[in-house]
Amino acid sequence: MRKSNAKILHDLLSGSGLKVSTAESCTAGRIAHLITLVSGSSEYYSGGAVTYSPTLKHKLLGVEFQSIEEFGIVSPEVASAMAEGVLKLTGSDYSVATTGWADKTGDEHEAAGTVWIAVSGPQGTRTRRFESHACRKRNICRFADEALSFLCEYIAGNL
C-alpha cells in the first residue's frame, strides 16, 4: 500500500525542527486537514489560511489586487504570492498554496478544473499547474493531494 503524501511529509519533517504552513483557496482547508490527520503533525505544522476571496488574499497574505486583475485569481503569480505571504504570516520554513477552479467556473485566464499550486521555502518559490475534470469534490481531493506531493518533492530536494 502506498504511503499518503501527508505521511511522507511527516517522515520528511518529523524531528527536523522545520515548520510548514498552508494557504488555500479552492482546496478550502483540505490540505491542512490531511496534514493534521497524521499523529504528531503539531510538531511541524504551523497553521494556515483559507482565503477564498481576493480581499482576504490581499489582507492576510499580501497578494496585490493588481496581480489578481492582471494575471487572474487562478495564476502562478497569485499562487506564488499566497505561498510567500503565508510564510511571512506564520514564520514557517516551507509553505504550499492553491488557487483554482474546482468545478464549472473558469475565467479568461484558466479553464474549469485548473489549479495553480505554489511551494515556497529556502530554495525559492516554485509553481505547478494541474488539471482535473472530475466533479467538484473529487477535484478538490485531487488538488490537495497534488499540492502535498509537490510540497514533499520540494522539501526532499527533487525539483
> Which one is surrounded by the fewest Cβ atoms within 10 Å (Cβ to Cβ) among residues in the range 104-127 that are among the polar types (S, T, N, Q) and within 20 Å of Phe150 (Cβ to Cβ)?
Replying inline: Gln123
> Got at least one residue in the range 16-32 being farther than 17 Å from Ser149 by Cα and β-branched (Val, Ile, Thr)?
Replying inline: no
>> Give me the residue from the range 46-103 that is of a type in the set (A, V, I, L, M, F, W, C) and closer than 22 Å to Leu12 by Cα and, out of that set, surrounded by the most Cβ atoms within 10 Å (Cβ to Cβ).
In response: Ala97
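A quick yes/no check of all residues on (1) in contact with a strand residue (DSSP E or B) (Cβ under 9 Å, 6 or more places away or on another chain); (2) of a type in the set (Phe, Trp, Tyr); (3) not in a loop (DSSP other than H, G, I, E, B):
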{"site": "Ile35", "(1), (2), (3)": "yes, no, yes"}
{"site": "Ser42", "(1), (2), (3)": "no, no, yes"}
{"site": "Gly48", "(1), (2), (3)": "yes, no, yes"}
{"site": "Tyr52", "(1), (2), (3)": "yes, yes, no"}
{"site": "Leu56", "(1), (2), (3)": "yes, no, yes"}
{"site": "Lys59", "(1), (2), (3)": "no, no, yes"}
{"site": "Glu70", "(1), (2), (3)": "no, no, yes"}
{"site": "Val74", "(1), (2), (3)": "yes, no, no"}
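Every residue in the range 8-47 that is of a type in the set (Val, Ile, Thr) and either touching a Cys at 6+ places or on another chain (Cβ under 7 Å) or within 29 Å of Lys59 (Cβ to Cβ) (or both), please. Steps first, answer last, please.
Narrowing the range 8-47 to residues of a type in the set (Val, Ile, Thr): 8, 20, 22, 27, 31, 35-36, 38.
Those that are of a type in the set (Val, Ile, Thr) and either touching a Cys at 6+ places or on another chain (Cβ under 7 Å) or within 29 Å of Lys59 (Cβ to Cβ) (or both): Ile8, Val20, Thr22, Thr27, Ile31, Ile35, Thr36.
The numbers here are math on the coordinates, done by the rules we state, and not lab data. It should be emphasised that the depicted structure is a prediction, and the values quoted were computed from it without experimental measurement. Heads up, the Cβs are rebuilt from the backbone with ideal geometry, glycines too, and the neighbour counts pull from every protein chain shown.
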